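Below you'll find the structure, written out as structure tokens, and then a few comments.
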Amino acid sequence: MSEASKSIVRRIAEEAWNERKYDRFDEFFAADFVNNDPCTPDVKNLEQLKQWVVGIYNGFSDHHVTIENM
């Protein structure tokens, strides 16, 4: 993975998740984003992804994303 790609992944984790700047998802993901993660089958598009992330923090307010290896 290139350093540029790693930087984007770090920004997603830090800004969109940990700092809860949900509008950052619009910057990092295409408007026509399609989710194919089998762990979240009800999340189909970008708006649903953002709603899912908000739901995680509503249920687990101390949730924190940590990247251990990339």
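The values are calculated or read from the model by the stated rules, or taken from the named source; none is laboratory data. Note that the coordinates shown come from a computational prediction; the quantities given were computed from them, not determined experimentally. Cβ atoms come from the backbone with ideal geometry, glycine included; neighbour counts cover every protein chain shown. Areas reflect the complete protein model, heavy atoms only, side chains present, ligands, DNA and RNA absent. Shrake-Rupley method; radii C 1.70, N 1.55, O 1.52, S 1.80 Å.
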Enumeration of residues in region 32-62 that are open to solvent by less than 100 Å² (accessible area, probe 1.4 Å) and in a loop (DSSP other than H, G, I, E, B): F33, V34, N35, D37, T40, P41, V43, N45, S61
Those residues of region 1-31 which are among the hydroxyl-bearing types (S, T, Y) and outside any loop (DSSP other than H, G, I, E, B), in sequence order: S5, S7
Region 5-25, subset among the acidic types (D, E) and within 10 Å of the chain's Cα centre (by Cα), residue surrounded by the most Cβ atoms within 10 Å (Cβ to Cβ): E15
Every pair of residues 6+ apart whose Cβ atoms lie under 6 Å, when the first sits in region 51-70 and is closer than 17 Å to F25 by Cα while the second is part of a helix (DSSP H, G or I) and acidic (D, E): none
